[in-house]
1. Would you confirm, using the coordinates I've provided, whether CYS363 is crowded, with 20+ Cβ neighbours inside 10 Å, in a helix (DSSP H, G or I) and touching a Gly at 6+ places or on another chain (Cβ under 6 Å)?
2. Would you call SER402 surrounded by 23 or more Cβ atoms within 10 Å (Cβ to Cβ), hydroxyl-bearing (Ser, Thr, Tyr) and farther than 26 Å from MET424 by Cβ?
3. Assigned to a helix (DSSP H, G or I), among the polar types (S, T, N, Q), buried (at least 23 other Cβ atoms within 10 Å of the Cβ) and at pLDDT 85 or above - does that describe any residue in the stretch 61-72?
4. Kindly indicate the residue of the stretch 30-54 that is within 21 Å of THR261 (Cβ to Cβ) and not hydrophobic (A, V, I, L, M, F, W, C) and also most open to solvent (accessible area, probe 1.4 Å) among those meeting that condition.
5. Hey, does the stretch 74-83 have a residue that's open to solvent by less than 10 Å² (accessible area, probe 1.4 Å), at pLDDT 80 or above and among the aromatic types (Phe, Trp, Tyr)?
6. Do we find a residue being under 19 Å from SER62 (Cα atoms), part of a helix (DSSP H, G or I), open to solvent by 70 Å² or more (accessible area, probe 1.4 Å) and modelled with pLDDT under 85 anywhere in the stretch 188-209?
7. Across the stretch 330-348, which residue is least open to solvent (accessible area, probe 1.4 Å) among those that are at pLDDT below 90 and out of contact with any Phe, Trp or Tyr (no Cβ under 8 Å at 6 or more places or on another chain)?
8. Name the residues in the stretch 150-182 that are more than 16 Å from LEU43 (Cβ to Cβ) and surrounded by fewer than 17 Cβ atoms within 10 Å (Cβ to Cβ), would you?
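The values are calculated or read from the model by the stated rules, or taken from the named source; none is laboratory data. Quick caveat, the model's predicted, so the values are computed rather than measured. We place every Cβ from the backbone using ideal geometry, glycine too, and count neighbours over all the protein chains shown. These area figures cover heavy atoms from the full protein model, side chains too; ligands, DNA and RNA do not enter into them. Shrake-Rupley method; radii C 1.70, N 1.55, O 1.52, S 1.80 Å.
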Amino acid sequence: MQKVNIESDSRGVSYKDFLTSLVKYNIAYVVVAVINVILVFILTRLFSVTDYAYISLFTAASSFIRGLFALGLSDGYTRFFNSGIENVSEIELRKRTIYIPLFLTILAGAVSVFLFPDFVGNMTIGYSGRKALTLLFINSFLTYFFAFVAIYYRMRLDVRRYTRIQIASSFCAKAGVVLALFGTITYDTLSFCLTMGSLILFVVFISLYKFKSHVRNTEIKKSKKNLRIFYKYSLLSWPITLIMYANQFLVQNTIHHSLGTYSLGIYSSLYFFTGIITMTKGGFSSYWSPFVFRYYKTEQKKIQEIHDAMMFFMLTILCTTTGLRFILFRFIGQEFRAGSSIFTFVIANSVLMFLVETTGYGCNLSNKPYIISIVSAVSMLLNVLGIHIFSNSSGMLSIGVSCLVSGVVYFAFCSYFGNRHYKMIISPVRTCIAVIIIVILSFTNYFIRDSVLNLIVSLMIMLCTVVLYRKQIKKFLDYVDGRVILSSLVNRRK
């Protein structure tokens, strides 16, 4: 079994520096989360459940196509941006990361639109219109392009441009659908509005040469290329991202065919809640991923402590949202509130996916991302098969339980194999108990319909969580008190 060697040097990263950098990279995601909350508040009141289901399915299909033709190249770019590859310049990696997915998307789009529009349309968005299908492929590349531009600025530690592109791309991609309200709402109209915002931003971005100007400033090594390691890592990482998008797409497709459009619309509205977790994960990963790859040899203890901190933080969010369920669901339209009984199941899935960021990097650090790919595939199959098999007998409960089971399986196996290569969990027992708490909280939310009783139970579970992480909380409070006392002494001297 290959182990990652842990070496020490004189460098260190303080918690203040870590948190400061983390906050900087979360600014974009906080703004995006606010935008999403506002849009969901509006859309669930102005669109029907059927229209909202199509919007969600179109977005999921676009993301799946994006992941399918990305080939994991953006993951390879991230992996080798700092460490580099012998005799390969950064600009060569960047070109391939953009142009290869562009070529594949154009080729697949042309074949689909001109030769198999009915088959591909019905399989992806449940609609066979050529116009909607064309817009779907355009949308998929645009979302990929802006995601890579964000990665580019993130890896260069250009927080200002990173924040701008994240906010602009998210706003243009989602706010455009509001324009559909000013005309007759059809699937073609919704597809057009979902795409045109990103297309306009793309034209503006290219015309301003912002990305091109940074290419000119990049040091280019004119040397013999050796891209095999880049392609190998990218292709091995590819299934991870692809399965993540496939999971969202196949789950929605399965719900659509097994339970109908109405159930899909109700399920999709729960992204109002899971979207906040996803945005938090995105902001955290934006700094966490480069941090781990850069400091895993020297900051292992801090990485382990951050895992405990994030476990407690996410458990707190889960307990809070579950206890305040009766308030949170007032933010979405009346027609969409039928999903309140399963929303903790769905949020728990997102929470567990988030927490793998703090437990499973050993597979990436040991250049064995295929392990995560296999686990992701198993998790996805459990989710899809669970909904398909039990939907007729259990209805919406089948969606919730399938989401929870797939999340637990993904977290358990990614954490197990990741820690065999690089230990990120100090106490496996404490982490296992935390997962059990998540499972218990999910089921109590489903079976307890009374709002007051649900709040009381959530508070009791939160108390158990505080007891479980009491040492970590005490250490944090001591750290904060120490900082306050030190600051007070310095101010007095001044």
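1. yes
2. For SER402, the condition - surrounded by 23 or more Cβ atoms within 10 Å (Cβ to Cβ), hydroxyl-bearing (Ser, Thr, Tyr) and farther than 26 Å from MET424 by Cβ - is met.
3. Yes, that holds for at least one residue.
4. Per the criteria, the residue is ARG45.
5. Going residue by residue through the stretch 74-83, those that are open to solvent by less than 10 Å² (accessible area, probe 1.4 Å) are 76-77.
Remaining after also requiring at pLDDT 80 or above: 76-77.
With among the aromatic types (Phe, Trp, Tyr) added as a condition, the list becomes 77.
Yes: the stretch 74-83 contains one or more residues that are open to solvent by less than 10 Å² (accessible area, probe 1.4 Å), at pLDDT 80 or above and among the aromatic types (Phe, Trp, Tyr).
6. Within the stretch 188-209, the first condition is being under 19 Å from SER62 (Cα atoms), and the residues that meet it are 188-202.
With part of a helix (DSSP H, G or I) added as a condition, the list becomes 188-202.
Now narrow it down to the ones that are open to solvent by 70 Å² or more (accessible area, probe 1.4 Å): 192, 200.
From what is left, the residues that are modelled with pLDDT under 85 are none.
The answer is no, given that none of the residues of the stretch 188-209 is under 19 Å from SER62 (Cα atoms), part of a helix (DSSP H, G or I), open to solvent by 70 Å² or more (accessible area, probe 1.4 Å) and modelled with pLDDT under 85.
7. Ranking the qualifying residues of the stretch 330-348, first place goes to GLY333.
8. If the condition is that a residue be more than 16 Å from LEU43 (Cβ to Cβ) and surrounded by fewer than 17 Cβ atoms within 10 Å (Cβ to Cβ), then ARG156, LEU157, ASP158, ARG160, ARG164 are the ones that fit.
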